[in-house]
Every structure is written in structure tokens, then in C-alpha cells.
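Below: one structure, written as C-alpha cells.
What follows is calculated from the coordinates using simple rules that are stated; it is not laboratory data. Fair warning: this is a prediction, and the values are worked out from it, not measured in the lab. Every residue, glycine as well, gets a Cβ built from its backbone with ideal geometry; the counts of neighbours run over all protein chains shown.
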């Protein structure tokens, strides 16, 4: 139920709403600025969850006449919006923390804050692991961005919890706004990571090296049937991967055999990279050689037996 991008987005949305309600309640009770920083962070998680819920379904739509390459970049746009929201939260938390340092307000009922922060941390750990798992299986950029957000929440929540314990034991209330500033720094770090994910997708950055190596490995498995390959280009749009390359075949290869070779190679690459769209441009070998080790006969045999 929650193993699909839409299901995971629903789980994320419901969990974040529950945590926001708890944190708002304990924020009013304690008056802790670090807890209110957590409320601001979780509120952004809520907006991110709404954005993700609205975009993952749209981005999963198949290509159509108006969008021949699909709708995957919608997830990158969602990640970019999340980065902007995170930046805004960090700035507001810094402002509130500095003001609290100047006024030196007190904190009440720190035990309630400690309990809610511990509960929130455990929930964030479980949710982030699930989001990472679904994002890895589906290639969802928006879910990956949300998983990064929840990972940041784990560290910031743990820091706030430890700080409240320190305030309870020492009575030094200045620890509270200092922790809020540390939360802001963590949010800025997550802003960079999420923003980078968004920009790389929007600018068509090449696939990671391990994925490109998987592509070349699939091609080299057919070295005995190919004269060579070059111009391998890759990019990613949401969960969709795009690969195009130039494949060199012997001059005596028929159109039918060349087509079969391309189909076979496309399936091999898709087997190594989920959600891959492969485009192959075939060209003849540049050198005329009577003793070419790759023959049309061997090509047929290789395709027939999948070597």
C-alpha cells in the first residue's frame, strides 16, 4: 500500500501532520524556541509532502503528444520548491533565535518537550528509511528529496532533545536558542542537498558513474558482435533515465540484423537500469576490412542465443 510513490507520499503527509500537531502543542506548553524551530521545519515538511503528493502522480504519466519525453521533470521542480521553502525556514529560525537570546525568556515543562522530541525522532527514522527505500526502487526524485528532509529532522530533533535535557539539568535557558541556530544550520545543509538534486535534473546532468558503467558493461558484453560504440550520452528526468549512443556495426550487416542487435542491447540496458529509455544510432564501421572478426553470421548467432 505504501510501497508506491503515491502511497509513500500519503504516508509522509499523514505522519508530518501528526508530528506538527504534537510539536505545536508542546511548543505552547514549554515556550521553547528550539521546539518552535522544529514546528517550522515540520511545517515545511508538510508543504513538501503536499507538493510531492501532487507531483508524483503527474510525473508518472506516460509520454504524450505535448510531452514526448514524459513528465519526469515535474519532480525536479517539486524538489526546487522544497529547497526554497527550506531556505526560508532557516532564515526565520535564525531571526527568532537571535531575538530569544536578546530577551532571555524562560522555558516551562521541559519534560513534555523531551518526550515529544524523542517520539518525533523515532518516527522520523522509520519514515526516512521507508522513503529512501521507495525512492531507490522507483527512482522518484521528489521522494528522495523528502527522505533527505526527514534525515535532517532526525539530527535536529535529537539535538533539540539533548538540549532540553541540558536545560532541565542546568537551568541555562540560553542553550535553547543556540540549539535553534544549530537546527537552522542543518536545514541549510539539507537546502543545499535538495537544491542540488533539483538543479542537476533540470540541467540534464549525466547519470552517476556507476550507472554509466552499467551501460558500457552491457554494451561490452557484445564486443564480439560489434565494431565499436561512442557518443554515449545520459540524463535523468524524474525517475526516467534517458540513454542515447552510437553503435558501429560491420558494413555487411543487414538492416534486419542491425535492428535485432539494437533491440537486444536496449533490453540489456533496461535490465540493468530501471525506467530507462534507450535510443541507438547505428553506423557502419569506418574501416573496410576483409578479415573483420565480426560477421553477419556471427551477429545472427549472437542475437539468437543472447550472448
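Peptides 97-103, 119-125 ranked from most to least packed give 119-125, 97-103, packing being the mean of other C-beta atoms within 10 angstrom over each peptide's residues.
Using the Kirkwood radius over Cα pairs, work out the Stokes-Einstein diffusion coefficient for region 5-202 at 4 °C and 1.567 mPa s, in µm²/s as a whole number. Could you put the intermediate results ahead of the total?
Details: Rh = 17.1 Å.
Result for D is 76 µm²/s.
Which semi-axes, in whole Å and largest first, does the equivalent ellipsoid of region 129-262 have when worked out from the alpha carbon gyration tensor as the square roots of 5 times its eigenvalues? Numbers along the way, then the final one.
Numbers: eigenvalues 532, 32, 24 Å².
For region 129-262, the ellipsoid semi-axes come out as 52, 13, 11 Å.
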